[in-house]
1. Can you tell me which residue within the range A:151-174, out of those that are more than 14 Å from chain B (Cβ to nearest Cβ) and within 25 Å of A:V34 (Cα to Cα), is surrounded by the fewest Cβ atoms within 10 Å (Cβ to Cβ)?
2. Could you tell me which numbered condition B:G142 fails, if it satisfies all but one of (1) in contact (Cβ under 8 Å) with a residue 40 or more places away in the chain; (2) not in a loop (DSSP other than H, G, I, E, B)?
3. Going by what's in this entry, would B:V377 be described as assigned to a helix (DSSP H, G or I) and touching a residue at least 24 places away in the same chain (Cβ under 8 Å)?
4. Only one of (1) within 28 Å of B:M429 (Cα to Cα); (2) more than 14 Å from chain A (Cβ to nearest Cβ) fails for B:F186. Which number is that?
5. Can you tell me which residue within the range B:78-87, out of those that are among the aliphatic types (A, V, I, L, M) and over 18 Å from B:D170 (Cβ atoms), is surrounded by the most Cβ atoms within 10 Å (Cβ to Cβ)?
6. What residue, among those in the range B:194-236 that are within 19 Å of B:L38 (Cα to Cα) and basic (K, R), is farthest from the other protein chains (Cβ to nearest Cβ)?
7. Do you know which of the residues in the range B:219-265 that are surrounded by 15 or more Cβ atoms within 10 Å (Cβ to Cβ), β-branched (V, I, T) and over 19 Å from the mean Cα position of the chain (by Cα) is farthest from B:A409 (Cα to Cα)?
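Nothing in this text is a laboratory measurement; each read-out follows from the coordinates by a stated rule. Quick caveat, the model's predicted, so the values are computed rather than measured. FYI the Cβ positions are ideal-geometry reconstructions off the backbone, even for glycines, and counts take in every protein chain you see.
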Amino acid sequence: MAQIFHRSTNFISRFSVFSAIFLIGLALVAVLAVARSPYMTRQNISREQPVQFSHKHHVGDDGIDCRYCHTSVETSAVAGIPPTKTCMNCHSVLFNTAPYLEPIRESYRSDKSIEWVKVHRLADFAYFNHSIHVNKGVGCTTCHGQVDQMPLVFQANTLLMQWCIDCHRNPEPSLRPMDKVFAMDWKPGPDQEELGMQFAVERRIRTTAELTSCSTCHR
Amino acid sequence: MSVGQPPSDSPEIRQLTPVLGPGHTFRSVTDKISAIVLTRPTSLGWFIGFAISFSLTGLLTVAIGWLFTKGVGIWGINIPIGWGFAIVNFVWWIGIGHAGTLISAILFLLNQKWRTSINRFAEAMTLFAVACAGIFPLIHTGRPWMAYYMFPYPSTMGIWPQFRSPLIWDVFAVSTYGTVSLMFWFVGLLPDLATLRDRAIQKPAKIIYGMLAMGWRGSARHWHRYQSAYLLLAGLATPLVLSVHSVISLDFSVSIVPGWHTTIFPPYFVAGAIYSGFAMVISIAIPLRKAYGLEDYITMRHLDNMAKVMLATGLIVAYGYFFEFFLSIYSGNKFDVFLVQQRLHGPYAPFYYSLIICNILTPQLLWSYKMRHNVVVLFIMSIIVNTGMWLERFVIVVISLTRDFDPSAWGRYQPTFWDWATFIGTIGMFVMLIFLFVRVLPAISIAEMRELVAETSEEKE
């Protein structure tokens, strides 16, 4: 009886079985890696803005407090995007003829808002409130990174649920003294472990079970 | 009449009823079984049956397509009846699947020779039933494209599935069952695929069977490895027979819903699964042996044994019903007592009484030797039992959900056209797969039948 298959089929079939397993494994790893990559999360990618506004200059060089512009961060779910009026407080006098500030002046004249590009986009099904975090002593830079060093703001963290929940499971390392919440240069000291525990008790941080309950963030 | 039907019920004659008709040789067995696939012209009946079941599969596709477009609202489910047909059908199908593994694994380990000629198609039936079953929870999630959430993979959400939920145990139980059943079936097929490869006439058939046979040459070493692998897989599959339906019963009994929250559920579900599974094997075996003249291979001895298993498991199920009833009353829990009243007198009472008739009363006919040896009666009875088992799941799911603790949370359940279309569609898909299987693969294990020829001729000498 004639052979149906050539001798090489033995090798080909074995090779394809093993490489199929390898390729499927590789594909799964690739999917998991892509889901965490900046391509999906937009982490570390600067966004172009309609005005050449530099946080590095205003925060880092000038030392303006976050709350000067983001006024509602202590009292509201959203930190607040400042109106053009806030810009004009200074820029009606400073650099008031600079061409790159023309969009600001135009906005002020025409009473039309500047359409800033949102950098930190949370999914609609995630409920987030700035004020509770700030009032319990989680500082700005913990989530937003060193904004004082960012000419164009980018997302310093992934904003993946994993990232949120890591902190909700273990909030102590991120709790600061209340006067350091808006500080750009705060770093956890050697006694942070102890301090964090103390702050958690003093500020009545909820239990991990409550902080990681589904309906804490998905309401 | 065919061979192996003695005139009266005497132990001597029953002893003589063979598991294989007389006068068979290695060649006759191989010729007969492989001819169904390779040389016999495909009959008109096959085409008609295939066309009908294929159309019903089309209906299933339409029903699922419409479901994906519109969402689960096209079904009759709404709070308080969140489960409805999808779960009824899921439990029914997965139960049917149990006979295949029982026959191929447990009876193999127990060295029961009569499993030989029915194990192949019983295993195929298991796979197809699991395939039908798997559809339901998937489409019942409402967002089946998110179904991978149920697997524990390192997700970007930083959370795992709820391992304390029986619904997650289900995912593991059913997927393990599907995988092990598939491997068991495929390993068992290897020598037969090689036989088909060697006997095939057309080149494409040779190549396809050749690739599936994975280089089987029938050497002593091959057989040695094959037998160890088969034994190991049988050992792996055996606990699954008991575990899969136990886990599924926990979907119910872990909850606190009246009528579900009872420890008798796991054993009673397993017995019910084997009960309906054997009924389905009988429903397939009887037309199969008739259509292809396989009365010598699937003899009255097989049908008789399967009927006995059905009777035995049916009695366990009856015991389960009785104790469900008794424990509810005996517990004195007013919600449980109320549920029993609802089963007996509530809006779905006709389902409960039909269930008792189908599952407890009708199978009592199987005590009679004459009934067990009447293929028509057996066939009808197997259909009745499967209907009864479907009703059982309906009663469990619907009555408990429509009548839980608070009267303001009571409701009614009315399946819609799409509920029925999906259910009938899966039956169509199941039958279609059986038709395809019978046409392209040996429905009876050739290798094991040859072994049986050798063993039975030794006995005579």
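1. Within the range A:151-174, the subset more than 14 Å from chain B (Cβ to nearest Cβ) is A:151-156, A:171-174.
Next cut, within 25 Å of A:V34 (Cα to Cα) only: A:152-156.
Working: A:L152: 16, A:V153: 20, A:F154: 18, A:Q155: 20, A:A156: 18.
Taking the candidates together, the pick is A:L152.
2. Going through the list (1) in contact (Cβ under 8 Å) with a residue 40 or more places away in the chain; (2) not in a loop (DSSP other than H, G, I, E, B), B:G142 breaks only (2).
3. Details: assigned to a helix (DSSP H, G or I): yes; touching a residue at least 24 places away in the same chain (Cβ under 8 Å): no.
So B:V377 does not fit the description; no.
4. With (1) within 28 Å of B:M429 (Cα to Cα); (2) more than 14 Å from chain A (Cβ to nearest Cβ) applied to B:F186, the lone miss is (2).
5. Checking each candidate, the answer is B:I81.
6. Only one residue tops the list, namely B:R199.
7. Of everything passing the filter in the range B:219-265, B:I264 is farthest from B:A409 (Cα to Cα).
Residue-wise test of (1) in contact with a Lys or Arg (Cβ under 9 Å, 6 or more places away or on another chain); (2) surrounded by fewer than 22 Cβ atoms within 10 Å (Cβ to Cβ); (3) among the hydrophobic types (A, V, I, L, M, F, W, C).
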residue	(1), (2), (3)
B:V270	no, no, yes
B:P287	no, yes, no
B:A312	no, yes, yes
B:A318	no, yes, yes
B:F323	no, yes, yes
B:Q342	yes, yes, no
B:P350	no, yes, no
